[in-house]
1. To test your reading of the geometry: what angle, between 0 and 90 degrees and rounded to tens, separates the Cα axis of helix 5-17 from the longest principal axis of the chain?
2. Accessible surface of Val54 in the full protein assembly, 1.4 angstrom probe, to the nearest 10 Å²?
3. Work out how much length Val13 to Val48 would gain on full extension: take 0.36 nm times their residue separation and subtract the Cα-Cα distance, in nm to one decimal.
4. Looking at the chain, which trypsin sites (Lys or Arg not before Pro) are DSSP coil and have at most 14 other C-beta atoms within 10 Å of their C-beta?
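The values are calculated or read from the model by the stated rules, or taken from the named source; none is laboratory data. Since the structure is predicted, the reported quantities are computational estimates derived from the model, not experimental observations. When we count neighbours, we look across all protein chains shown, and the Cβ atoms used for this are built from the backbone with ideal geometry, even at glycine. SASA here: full protein model, heavy atoms, side chains in, ligands and nucleic acids out. Shrake-Rupley method; radii C 1.70, N 1.55, O 1.52, S 1.80 Å.
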Amino acid sequence: GFYDRMHIDRAVVVATEMELRKLCVEVLESQRRVVDMFTALGFEQEAVLRDHVVDGDGRPGSLCILSRFLDG
């Protein structure tokens, strides 16, 4: 899928080569596996925006913002 470790690791390498200081991702809070994967890869939760998004059925959901500072 879109969120897999290989793609995330590559994004970190490219961002580091570009001398970026920080990467941020936005993930639906309900996608706990994805949130947990980013956390395992060094990302930290910075915020949860409650009822910030709406799914295709009109149900509200919360958006989790995670970030990782890059070395360099």
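1. Orientation of helix 5-17: about 50 degrees from the principal axis.
2. Counting only protein heavy atoms, the figure is 100 Å².
3. Extra length from Val13 to Val48 when fully extended: 10.0 nm.
4. When the trypsin sites (Lys or Arg not before Pro) of the chain are filtered for loop state and at most 14 Cβ neighbours within 10 Å, Arg21 remain.
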